[in-house]
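Beneath this line is the structure, given in structure tokens, with notes to follow.
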Amino acid sequence: MRRATASQARYALAMATEHERIAALRRLFPAASPAVAMGIGDDAAVLHPPGKPLVWTVDDQVEGVHFHRRWLSFRDVGYRAVMAAVSDVAAMGARPLALLTSWTLPPRFDDGSFTELAEGVAEAASICGAVVAGGNLAAGANVAISTTVLGVADAPKLRRGAAPGELVCLGGAVGLAAAGLRLLAAGLPAEPLVDDAKRNAIAAAVEAFRRPRAQLALGIVAAAQASALIDVSDGLVQDAGHLATASGVRLVLELDAILAAGGASLAVAAAAAGADPRALALAGGEDYALLATAPVCPPGFLAIGRVEAGAGVEVRERGEVVEALAGFDHFMGAR
């Protein structure tokens with residue numbers, strides 16, 4: 001039997017009403033920001049954003065599609081929901097101001113789990129410098145979290161704009177979160193690990209999946225120098241394809257450089273999961289790294305390829321073209 005978390009122990013599986021839970025969320029999500037005139041407690045939030053372009057996004061985390069309860073705590077679920085949505089704002093070179101979080105929860109969802117979920121949302125929002133300005137609660141068969149983020153940018157960076165002759169640049173690593181998911185699905189190594197490198201790599205991979213970070217600082221840096229920008233959420237090749245299509249160019253990626261960005265941890269964690277690190281890096285997804293094109297890679301980014309005339313994405317390894325998985329499509333699954 002799974003041991004109860006500290007939050008669950010405090011609330012002893014109590015069940016609060018909808019209005020009591022909304023009141024609890026007002027305490028957990030204080031709207032302490034000059035940009036928020038009215039937060040939780042009215043029919044809608046009221047914002048006073050600065051006089052810059054606004055960037056809006058929405059993202060869903062659905063049980064059985066984006067997460068499984070056996071692999072994540074509800075604090076992890078709330079945290080990941082925010083980071084996934086904020087990553088879209090980072091990909092525009094923006095910073096988040098406020099977010100709305102809408103939850104669908106099973107009717108018998110206990111207060112301990114409810115509080116864990118809220119704590120995860122609050123933690124991630126605080127890390128990202130945003131406030132939770134409101135949201136919605138509804139009952140349903142499975143847990144689903146919808147997060148809307150409002151951000152501001154000096155000049156939002158788009159997917160279109162890449163030009164032949166530029167570099168393809170990666171900010172952050174890819175593949176490690178996919179390795180962590182594989183390890184969790186396999187139940188992790190049952191025996192204690194003596195090998196420090198293996199133990200640390202497995203821990204890093206699991207942390208990358210459970211606790212990703214939106215690359216906000218890199219996004220702001222890239223927006224000042226990049227010609228095009230996108231985040232990597234559904235797999236490097238697939239998301240690179242979105243940028244290539246929007247810009248009307250061809251991206252040629254170098255596999256060795258992509259793997260180098262993942263470091264030694266990717267190779268070790270992939271081996272522990274019985275997976276090919278190349279497939280994880282190219283198609284794994286949920287790393288929330290940033291992919292940019294620019295004449296010179298912005299600080300914090302690594303050159304992993306080049307922009308050419310043409311269309312699509314090509315991956316090469318030591319001069320040879322390699323077959324690359326496309327990544328995740330919500331209506332086609334992993335391919």
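The values are calculated or read from the model by the stated rules, or taken from the named source; none is laboratory data. Fair warning: this is a prediction, and the values are worked out from it, not measured in the lab. Every residue, glycine as well, gets a Cβ built from its backbone with ideal geometry; the counts of neighbours run over all protein chains shown. Surface areas here come from the heavy atoms of the whole protein model, side chains and all, with no ligands, DNA or RNA. Shrake-Rupley method; radii C 1.70, N 1.55, O 1.52, S 1.80 Å.
What are the trypsin sites (Lys or Arg not before Pro) within the stretch 277-318 that DSSP puts in a loop, where the Cβ has at most 12 other Cβ atoms within 10 Å? Spell out each step's value before the answer.
On the way: sites: ARG278, ARG306, ARG316, ARG318; in loops: ARG318.
The qualifying sites are ARG318.
Accessible surface for LEU259 stands near 50 Å², nearest 10, in the context of the full protein assembly shown (1.4 Å probe). Comparing the stretch 84-148 with the 2.2 N^0.38 Å rule of thumb, its C-alpha radius of gyration ratio is 1.18 (two decimals).
Amide H contacts for GLY135 (H built 1.01 Å from N in the peptide plane; partners 5 or more residues away or on another chain; cut-off under 5 Å): THR101.
Couplings 3J(HN,Hα) for the stretch 260-272, derived from phi with the Karplus relation 6.51 cos²θ - 1.76 cosθ + 1.60 (θ = phi - 60°), are 4, 5, x, x, 5, 4, 5, 5, 5, 5, 4, 4, 5 Hz, where x marks Gly and Pro.
For the stretch 197-276, the Cα-based Rg and Dmax, in that order, read 15.0, 43 Å. Of all DSSP bridge pairs formed entirely within the stretch 214-335, close to 75 percent run antiparallel. Note that the stretch 71-85 has calculated 3J(HN,Hα) couplings of 9, 9, 6, 5, 5, 4, 4, x, 4, 5, 4, 5, 4, 4, 6 Hz, one per residue in order, obtained from phi through the Karplus relation 6.51 cos²θ - 1.76 cosθ + 1.60 (θ = phi - 60°); glycine and proline are x.
What are the ³J(HN,Hα) values, in whole Hz, obtained from phi via the Karplus relation 6.51 cos²θ - 1.76 cosθ + 1.60 with θ = phi - 60°, for each residue of the stretch 168-176 in sequence order, with x given for Gly and Pro? Each residue of the stretch 168-176 in turn: 9, 10, 10, x, x, 9, 10, x, 6 Hz. Computed from Cα atoms alone, the Kirkwood hydrodynamic radius reported for the stretch 49-181 is 16.1 Å.
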